Number of protein chains: 2
Amino acid sequence: MSGRVFVVGLGPGKPDQMTPEARAALAQASDFLGYGPYLDRLELSQGQTRHASDNREELSRARAALDMAAAGRTVAVVSGGDAGVFGMAAALCEAVESGPAVWRAIDLHIIPGVTAMLAVAARAGAPLGHDFCAISLSDNLKPWEVIETRLRAAAGAGLVLAFYNPVSRARPWQLGRAFEILRDILPASTPVIFGRAVGRPDERTAITTLDEARADQTDMATCVIVGSPETRIVERDGLPPLVYSPRSAGRPAR
Amino acid sequence: MSGRVFVVGLGPGKPDQMTPEARAALAQASDFLGYGPYLDRLELSQGQTRHASDNREELSRARAALDMAAAGRTVAVVSGGDAGVFGMAAALCEAVESGPAVWRAIDLHIIPGVTAMLAVAARAGAPLGHDFCAISLSDNLKPWEVIETRLRAAAGAGLVLAFYNPVSRARPWQLGRAFEILRDILPASTPVIFGRAVGRPDERTAITTLDEARADQTDMATCVIVGSPETRIVERDGLPPLVYSPRSAGRPAR
């Protein structure tokens, strides 16, 4: 008898930003797989088993989930934010494609969530209010040259940029290099937003400009948004500024 | 006495994909502004007033909301999906910037939501599992040449593309032209997903390839996702195929 796999985006971290659909899926599951800090957000009840793994083990975690489901279990694989955006959903699909034929018959149910850049954007105003891209700065799984090409293409065409995985202990220099590249393409006054743990008690959000942006303000849990040449900062007395990308757009940067 | 404005993303349409945070904000509001079909999703209680407007009146709607808040009302301005992604949040920021100074003191609270492309992606697998962009195909507010430049830059650099506002009665040809441009850049076998009203009773999701994709399968309520050269389709017996963009990526298309 085949079970099922729910792949669940938990949202950015604030409990009331997790959808009721995600919560209902979690309530049905017997086994929970994910990176430890995401599993820490859940209150499991009796009969629900936690299987934490490290954050570089996505594919083996996906295979373990499919194995359990093939044995009849109802499994929840969790990601922060949205599981489809640099989360576990792609790892599950990859595991199904490369795995035994029986895994293709498993009911795989992917539940979307509020991905980090949306929460960071909402906190700052509407920096993603016009055309934008989401790029992972991790070169664990792609050559750094590909990332550079994408940064130049996207910024040059006038897209706002949201960076996931901007730095880690093993990758200290990538975000700084990305800022250098962008300084050749975008105005010095381009708004930059650092959003860390938005909605959680340890939230830190900072708004600056490209010429002032420093990579050492950042860690793994930070999402960085770099505006387009059209993105604006509206100062407000006694309130944080609003950063937004106008709905109408003119010409690309170059 | 100044009131406040909540700018609320209602999610893709399935009620249990709206966050509890959004629901709590709606419960506090006295006045509801938005495009009629979005307001239709809400059950207002006594004392809550509906102010529907057309879908080309974003800026005047934003100004009306700020006016009401300046008069002490608690106002909810609603968007489908996420208000920060081609939704009302940017219009509110624009109205604040261009409006009277008192509007800068109004408490503007933007509540993120699950934007359409995330729900469409979750239905299909994980097409947004790697670097991607979101582009509006509406040339109401930007020249069509800017859109063409962005399509070429993003597809050429290997980004997956999600299209918002792909067609309307007034803009029948843009999506077809976008497919033509992409056929010069991307393999004919590139997966294309049409997701309409995902999670609602009238949902229609279709998976095809770039050479087979036809613009007349689409309306305003459709989000279209075009893969990168790395995006894959995994066929499954008796289940819909899975479309995903692998976590690891190689080279740009050109």
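Any read-out appearing in this document is the output of simple, stated calculations on the displayed coordinates, not a laboratory observation. Note that the structure is a prediction, hence the values are computed from the model and not measured. With ideal geometry, Cβ positions are generated from the backbone for all residues, glycine too; neighbour counts draw on all protein chains shown.
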message = Looking at the calculated P(r) for chain B, what percent of the C-alpha pair distances fall above 32 Å?
response = 28 percent
For the protein assembly as shown, diffusion coefficient by Stokes-Einstein and Kirkwood Rh (Cα), 10 °C, 1.306 mPa s, µm²/s = 70 µm²/s
note = Counting other chain Cβ atoms within 10 Å of each Cβ in B:168-181 and taking the mean gives 0
task = Mark the label point 7 Å from the Cα of residue A:71 along Cα→Cβ and return the residues of segment A:1-38 whose backbone N is within less than 20 Å of it.
result = A:1-7, A:28-35
ask   = If you project the alpha carbons of segment B:126-195 onto the principal axes, what extent comes out on each, in Å, largest first?
value = 31, 24, 20
task = Can you tell me the 0 to 90 degree angle between the C-alpha axis of helix A:174-183 and the longest principal axis of chain A, rounded to 10?
result = 30 degrees
note = Across A:10-22, the residue-averaged tally of Cβ atoms belonging to other chains within 10 Å stands at 5
Cα centroid separation, segment A:46-108 to segment B:53-116 (Å) = 40 Å
message = On the Cα set of segment A:73-161, report Rg and Dmax in Å, please.
response = 16.5, 48
ask   = According to a simple spin-label model (label point 7 Å from Cα along Cα-to-Cβ), what is the distance in nm between residue B:202 and residue A:209?
value = 4.8 nm
ask   = With springs only between Cα atoms under 10 Å, which of B:42, B:66, B:137 fluctuates most in a Gaussian network model of chain B?
value = B:42
Longest to shortest principal axis, alpha-carbon extents of segment B:164-254, angstrom = 39, 34, 20
query = Taking Cα atoms, how many degrees apart are the long axis of helix B:58-70 and the longest axis of chain B, rounded to 10 and kept between 0 and 90?
reply = 30 degrees
request  = Starting from the Cα of residue A:145, step 7 Å along the direction of its Cβ; do the same at residue A:180; then give the gap between the two resulting points in nm.
outcome  = 1.7 nm
query = Residues of B:135-141, mean number of Cβ from any other protein chain within 10 Å of their own Cβ, rounded to a whole number?
reply = 3
inquiry  = I want the local charge near residue B:170. Using Cβ-Cβ distances under 14 Å, sum +1 for each Lys or Arg and -1 for each Asp or Glu among the other residues.
reply    = 0
Cα centre as origin, Lys/Arg/Asp/Glu Cβ charges: the protein assembly as shown dipole, Debye = 120 debye
note = What helix-only [θ] at 222 nm does chain B give? Using -39500 (n - 2.57) per DSSP H run of at least 4, over all residues, to the nearest 500, the answer is -8000 deg cm²/dmol
ask   = If r is the Cβ-Cβ distance from residue B:56 to residue A:60 and R0 is 35 Å, what FRET efficiency results, to the nearest 0.05?
value = 0.10
inquiry  = Expected output is a single nm value to one decimal: the length gained when fully extending between residue B:219 and residue B:109, i.e. 0.36 nm times separation in residues minus the C-alpha distance. What is it?
reply    = 36.5 nm
query = So how tilted is helix B:144-156 from the main axis of chain B? Cα-based, degrees 0 to 90, rounded to 10.
reply = 50 degrees
inquiry  = Counting each pair of different Cα atoms once, what's the Kirkwood radius of segment A:1-139 in Å, rounded to one decimal?
reply    = 15.4 Å
key: Calculated FRET efficiency for the pair residue A:24/residue B:46, C-beta based, R₀ 25 Å, to 0.05   = 0.25
